[in-house]
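K.L.:
Attaching a single structure in structure tokens format; questions to follow.
The values are calculated or read from the model by the stated rules, or taken from the named source; none is laboratory data. What you see is a predicted model, and the numbers here were worked out from it, not measured in a lab. Don't worry about glycine lacking a Cβ; one is built from the backbone with ideal geometry, like all the others, and counts go over all protein chains shown. In case anyone asks, the SASA skips ligands and DNA or RNA and just uses the protein heavy atoms, side chains included. Shrake-Rupley method; radii C 1.70, N 1.55, O 1.52, S 1.80 Å.
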Amino acid sequence: MVADRSRERLQKILSGAGVASRRAAEHLIVEGRVSVNGSVVRELGTRADAAHDDIRVDGRRIGTPSRIYLLLNKPRGFVTTRFDPQGRPTVLDLVPGPPAYVYPVGRLDFDSEGLLLLTNDGELAARLMHPRHRIDRVYEAQVQGVPDDADLRRLARGVVIDGRRTAPATVRLRGARPGARRTERDDRARSDSPATIEITVHEGRSRQVRKMCLAVGHPVLRLRRIRIGPIADQSLKLGACRPLTIREVAMLKRSAGLEGS
């Protein structure tokens, strides 16, 4: 028996239509807010045909919206979510123009800043966030004290945070020579002075870079994401948001294994 490839899981259809992320779409289904051809659906395994079935959320039929791809340079003091129960400002408050349904791709914590993607392309978002696709997330971390060679090697090999070892990372110390010969006076200065490291990870664990640096004895003072996969933009001002170019979208899709889609 050949599977009907036109039928997909309902949460994937809702995500692809820009209604919600897959996780949020699952909640919509369980809450009984989604119907297919007039029947309310509550089972997460339900499949449907987006091209032919009448799929509705809260009574409104879903369509196929234009894809939106945005790049935001997030400042500190904003939460990476569409809504915050504590009433804090969210990254959506920084998106100019008429409100559109987009959601952030991955995390960037309240105290961190830097590049963040927002989209309504559920399939691309899911691939960019999954560690299997090894999408680079490059951070510039100002840390307390100057890490030595051993610290850098530990970060690169992986450290245990929250009971689980991090995947191997690429780490380099910027503006200093970690292996240089030092005096006792130098050691005291190095323990107090801040340093900047560049670290590339492929996971999206909560506050991962902060916890990694803390694990090797160098707490983060300031954290900024400077690249996501092939996307970087040093000229984008803090708090500013812009659409991705056609070329940038193509590069993102290629890095996520969606070339030609």
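K.L.:
For the stretch 61-83, what are the residues that are loosely packed, with under 15 Cβ neighbours inside 10 Å and under 22 Å from Gln208 (Cα atoms)?
P.N.:
If the condition is that a residue be loosely packed, with under 15 Cβ neighbours inside 10 Å and under 22 Å from Gln208 (Cα atoms), then Gly77, Thr81 are the ones that fit.
K.L.:
Can you confirm whether Arg154 is without any contact (Cβ under 8 Å) to a residue 12 or more places away in the chain and more than 13 Å from the chain's Cα centre (by Cα)?
P.N.:
Criteria not met by Arg154.
K.L.:
Any chance you could count how many residues in the stretch 211-232 are open to solvent by 20 Å² or more (accessible area, probe 1.4 Å) and hydrophobic (A, V, I, L, M, F, W, C)?
P.N.:
Count: 6.
K.L.:
Having 2 or more residues that are in contact with a strand residue (DSSP E or B) (Cβ under 6 Å, 6 or more places away or on another chain) is the bar; report the strands (runs of 3 or more DSSP E) wholly within the stretch 31-94 that clear it.
P.N.:
In the stretch 31-94, the matching strands (runs of 3 or more DSSP E) lie at 34-36, 47-49, 55-57, 69-74.
K.L.:
Can you tell me which residues in the stretch 95-127 are part of a loop (DSSP other than H, G, I, E, B) and either touching a helix residue (DSSP H, G or I) at 6+ places or on another chain (Cβ under 6 Å) or β-branched (Val, Ile, Thr) (or both)?
P.N.:
Val95, Val102, Val105, Gly106 - these are the residues of the stretch 95-127 that are part of a loop (DSSP other than H, G, I, E, B) and either touching a helix residue (DSSP H, G or I) at 6+ places or on another chain (Cβ under 6 Å) or β-branched (Val, Ile, Thr) (or both).
K.L.:
So, in the stretch 93-108, of the ones that are surrounded by 17 or more Cβ atoms within 10 Å (Cβ to Cβ) and over 17 Å from Ser15 (Cβ atoms), which residue ends up farthest from the chain's Cα centre (by Cα)?
P.N.:
Taking the stretch 93-108 as the starting set, the residues that turn out to be surrounded by 17 or more Cβ atoms within 10 Å (Cβ to Cβ) are 94, 102-105, 107-108.
This time we only want the ones that are over 17 Å from Ser15 (Cβ atoms), so: 94, 107-108.
Details: Leu94: 17, Arg107: 4, Leu108: 7 Å.
Checked the stretch 93-108; the qualifying residue farthest from the chain's Cα centre (by Cα) is Leu94.
K.L.:
Here's a check for you: in the stretch 1-30, which residue that is under 27 Å from the mean Cα position of the chain (by Cα) and assigned to a loop (DSSP other than H, G, I, E, B) is modelled with the lowest pLDDT?
P.N.:
Per the stated criteria, the residue is Gly18.
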